[in-house]
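**Student:** I have a structure here, written as structure tokens, and I will follow up with some questions on it.
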Amino acid sequence: MKLLKLTVDNFRVFYGKHVLNLDVADGKPAVLIFGMNGAGKTTLLNAFTWALYGSFSSDVERQERVINDHAWAQTPFGTPVSGSVKLEFEHEGSTFSVLREVTVTRSTQDQDLPSPRLLVTETRLGESVRVDNGQDRIEKILPEGLRRFFFFNGERMERMFVGDGSEDVKSAIKTLLGLEAIERAIEVHLPAARRKLMAEAQKLGDGRLQQLAVQQAALDDKKLAVHGRLIKLSGDISSYKRASEDAAKALLDNGMAAPLQKRRVKLNQELDAEKERYKELQERKRKILAERGFISFTAGIDESVMELAEGMRRRQELPAGIQRDYIDGLLEDGVCVCGTPVPEGSAGFLALSERKYNAGLVDVQARWMSLRGNSARLRDARRALLDELREIAKDQTEVESRIHQKDAELSDIDRQLQGVDVMDVQNLEQRRKEFDEKRFEAESEHRRAQDELEEVEAEIAATRRKLHSAEIQNEEARRVQSQLALVDEVIDAFTRILNLKTEEVRRELDARVKSVFSRIFVKTFVPEVTSSFELELRADSNGMAAIRSTGENQILGLSFVGAVSEMARERDDRKRNPEASALDEGGVYPVVMDAPFGSLDVEYQDQVAESLPKLTSQIITLLSQSQARGMVMDHLSSAATRMYVLRNVTPKPDAQEQFITINNRAVPYVTRGEFEHSVLEEVMV
């Protein structure tokens, strides 16, 4: 997907028509748009998503006022007025024009607008046709679930991967990299075929098949209900967590509460690390017991074996290494090896005959001696096992003590914050506590629902086995039974494929995020995409969670976007290979971002400015004058094909006209005019 042109007409702060050309040259992927706060940078960002999806981001105020205020006020009652956004882009050999327009006959002071009209046109090989299902076609090119990765506000980027972001991230990554096709087959298409066959089975005359089909249908419905509960609970948990985090952040911003809140944040990080350590000790203990636990039950056996072997050795009952034919010769000659006569029937003759019985069994002696040695080693292994278990128990006790100590400190901080004689602090602390309690309750219910889901899935598996193996007399019923078994086999196979591909993608994404992050970030922090697709930041490679600032969250988010873009582009290249796998999906997508430096410290702005043009093959960057100075401007301008200025026009009589310096030229930034609006003007690169 390559953006070509954006046209806004009477759209929010833009009065009249303004055109933004977006095509870029090879090696210069950036389009830079400079504007002061309130000039329309966020409006331009939202113009892209409004054209594509008909919606604004949640931070846009007065979302009902789509049509420019001046254009609306200048339109007489009873006269039609409209506002629109037109986005043109290329995708896989076709040129698309997406026009979203809202038109209304003005009858009130306030904008009471109808739903906007969408017109999508596709041009291929010089022939243009209207796309009937325009929104569906847009969704196939760039699903709305992916917009967060390619159209975003840098100042709010840290919220993209906090709270309920993990499931959205997981879903979006599957969509972007083609895994949703398998998921859709598992969750939609194959179950639909299965339900059809189950309905057919219930209508057939075979009683056994009917009974099992009814049981199976009831269990499937139960599974759907439990799964729905899990989804709702996950959303509740994320919502409660986000609300609690907002209250905690507000406490950090409050001068009276900040010291205590900072201490609480640090304690929570330390507490998480101790809990993780306790889990590691439990896992280590479990592994030891699984592999060597049997040794603890050998006490007494090894001593008995050693005593038995030693007694046999003393009694000379262990066989020596003498061959039988040698003893036969002694008996035939009637003389012992020492020369003493041993006539037949004598005591010496009988002793030699007994020795002949055990003679030659050297392997028996060797095995007895080996068994004695192994018994001694078994005793040593048992001692080592017990010593190791005692050491783990000691470590667990120490960790438990530290956990209790930190819990007590946290409780004390809670009491201190509740006792601060400032109403705002008390209210914030109460709010944080309430949402934490709600989250804990929801998490507990979520665990119960997961257990219930596992039980239902076990029942479903048992019923399926019965259904597949049931002896059916009716020929038509056997056909349905066979088809059901085939559908279940395909679902199982696709599920295994999806799990393998999802983990493969997660591992690759994790490596990419680490690579991009290390190019920007100067600290030793290590990012991680967890098994549940949560984006974490570790203080070191040992796994302790880092205490992240807003700026560090932003760098983490930029690294994630860069990694996703790289993966999508490489998969798109592989897709064009005739020998590519059917699962190699992806695409080249643009990145449009407002305030790319957000809350970054000066030390990181240079690294980010250098990295931005490398994120993808086309990046549209909206930034203020204060964000484009020194090396930042040098990096960005050297990668730019086009530059624009959003000139703010104000009727304020005492407003000072301002200029922005671009390529050593002063360009109007703020000017006076008859009414408040913004003008989009291209600057020569």
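The values are calculated or read from the model by the stated rules, or taken from the named source; none is laboratory data. These figures come from a predicted structure and were not determined experimentally. Using ideal geometry, Cβ is built from the backbone for each residue, glycine included, and neighbour counts are taken over all protein chains shown. Protein only, heavy atoms only, side chains kept; ligands, DNA and RNA dropped before computing areas. Shrake-Rupley method; radii C 1.70, N 1.55, O 1.52, S 1.80 Å.
**Student:** Might you check whether a residue that is crowded, with 18+ Cβ neighbours inside 10 Å, farther than 18 Å from Asn10 by Cα and hydroxyl-bearing (Ser, Thr, Tyr) occurs anywhere in segment 125-132?
**Tutor:** No, there is no match, as no residue in segment 125-132 is crowded, with 18+ Cβ neighbours inside 10 Å, farther than 18 Å from Asn10 by Cα and hydroxyl-bearing (Ser, Thr, Tyr).
**Student:** Kindly provide the set of residues from segment 390-424 that are farther than 18 Å from Glu274 by Cβ and open to solvent by less than 70 Å² (accessible area, probe 1.4 Å), ordered by number.
**Tutor:** Matches in segment 390-424: Asp414, Leu417, Gln418, Gly419, Val420, Val422.
**Student:** Now a separate question. Please identify the pairs in which a residue from segment 244-263 that is under 10 Å from Asp424 (Cβ atoms) has its Cβ atom under 7 Å from the Cβ atom of a residue that is outside any loop (DSSP other than H, G, I, E, B) and open to solvent by 70 Å² or more (accessible area, probe 1.4 Å), counting only partners at least 6 apart or on another chain.
**Tutor:** Asn254/Asp424
**Student:** Could you go through segment 542-554 and let me know if any residue there is modelled with pLDDT of 70 or more, out of contact with any strand residue (DSSP E or B) (no Cβ under 7 Å at 6 or more places or on another chain) and of a type in the set (Gly, Ala, Ser).
**Tutor:** Checked against the condition, which is being modelled with pLDDT of 70 or more, out of contact with any strand residue (DSSP E or B) (no Cβ under 7 Å at 6 or more places or on another chain) and of a type in the set (Gly, Ala, Ser), segment 542-554 yields no hits at all.
**Student:** Would you call Phe675 closer than 27 Å to Ile67 by Cα and open to solvent by 10 Å² or more (accessible area, probe 1.4 Å)?
**Tutor:** Against the criterion (closer than 27 Å to Ile67 by Cα and open to solvent by 10 Å² or more (accessible area, probe 1.4 Å)), Phe675 qualifies.
**Student:** Let me ask something else about it. Could you name every one of the strands (runs of 3 or more DSSP E) located completely within segment 1-64 that has at least 1 residues being free of Cβ contacts under 8 Å to residues at least 12 places away in the same chain?
**Tutor:** Of the strands (runs of 3 or more DSSP E) lying wholly inside segment 1-64, those with at least 1 residues that are free of Cβ contacts under 8 Å to residues at least 12 places away in the same chain span 14-21.
**Student:** Could you list, in sequence order, the residues of segment 270-299 that are more than 19 Å from Ala393 (Cβ to Cβ), out of contact with any Ser or Thr (no Cβ under 9 Å at 6 or more places or on another chain) and open to solvent by less than 40 Å² (accessible area, probe 1.4 Å)?
**Tutor:** Residues satisfying the conditions are Glu270, Leu271, Ala273.
**Student:** Let me ask something else. Pull out all pairs, ordered by first then second residue, where Cβ-Cβ is under 8 Å, the residues are six or more apart or on different chains, the first lies in segment 113-139 and is on the phi < 0 side of the Ramachandran plot, and the second is open to solvent by 40 Å² or more (accessible area, probe 1.4 Å) and of a type in the set (Gly, Ala, Ser).
**Tutor:** Qualifying pairs under 8 Å: Thr121/Ser128; Glu122/Ser128; Arg124/Gly93.
**Student:** I would also like to ask the following. Assuming Arg208 fulfils every condition listed in (1) open to solvent by 50 Å² or more (accessible area, probe 1.4 Å); (2) at pLDDT below 80; (3) of a type in the set (D, E, K, R); (4) within 25 Å of Glu454 (Cβ to Cβ) apart from one, which condition is it?
**Tutor:** Among (1) open to solvent by 50 Å² or more (accessible area, probe 1.4 Å); (2) at pLDDT below 80; (3) of a type in the set (D, E, K, R); (4) within 25 Å of Glu454 (Cβ to Cβ), the lone unmet condition for Arg208 is (4).
**Student:** Condition first: loosely packed, with under 12 Cβ neighbours inside 10 Å and not in a loop (DSSP other than H, G, I, E, B). Can you find one or more residues in segment 639-659 that meet it?
**Tutor:** Checked segment 639-659: no residue is loosely packed, with under 12 Cβ neighbours inside 10 Å and not in a loop (DSSP other than H, G, I, E, B).
**Student:** Could you tell me how many of the residues in segment 425-481 are loosely packed, with under 13 Cβ neighbours inside 10 Å and either farther than 29 Å from Ala225 by Cβ or touching a helix residue (DSSP H, G or I) at 6+ places or on another chain (Cβ under 6 Å) (or both)?
**Tutor:** The number of residues fulfilling the criteria is 4.
**Student:** Only one of these is under 30 Å from Glu409 (Cα atoms), open to solvent by less than 20 Å² (accessible area, probe 1.4 Å) and within 22 Å of the chain's Cα centre (by Cα): Ser244, Ser234, Ser239. Name it.
**Tutor:** After applying the criteria, what remains is Ser244.
**Student:** Residues that are among the basic types (Lys, Arg), modelled with pLDDT under 65 and within 13 Å of the chain's Cα centre (by Cα): which helices (runs of 4 or more DSSP H) entirely in segment 133-183 hold 3 or more of them?
**Tutor:** Once the helices (runs of 4 or more DSSP H) in segment 133-183 are filtered for at least 3 residues that are among the basic types (Lys, Arg), modelled with pLDDT under 65 and within 13 Å of the chain's Cα centre (by Cα), nothing remains.
**Student:** Inspect all residues belonging to segment 63-75 and state whether any of them is acidic (Asp, Glu), open to solvent by 30 Å² or more (accessible area, probe 1.4 Å) and within 35 Å of the chain's Cα centre (by Cα).
**Tutor:** Yes: segment 63-75 contains one or more residues that are acidic (Asp, Glu), open to solvent by 30 Å² or more (accessible area, probe 1.4 Å) and within 35 Å of the chain's Cα centre (by Cα).
**Student:** Six or more apart or on different chains, Cβ under 7 Å: which pairs go from a residue in segment 651-674 that's under 17 Å from Lys41 (Cβ atoms) to one that's among the hydroxyl-bearing types (Ser, Thr, Tyr) and not in a loop (DSSP other than H, G, I, E, B)? Could you list them?
**Tutor:** Final answer for the pair search is Gln658/Tyr669; Ile660/Tyr669; Val670/Thr650.
**Student:** Can you spot a residue in segment 590-603 that is outside any loop (DSSP other than H, G, I, E, B), modelled with pLDDT of 65 or more and touching a Lys or Arg at 6+ places or on another chain (Cβ under 7 Å)?
**Tutor:** Yes - at least one qualifying residue is present in segment 590-603.
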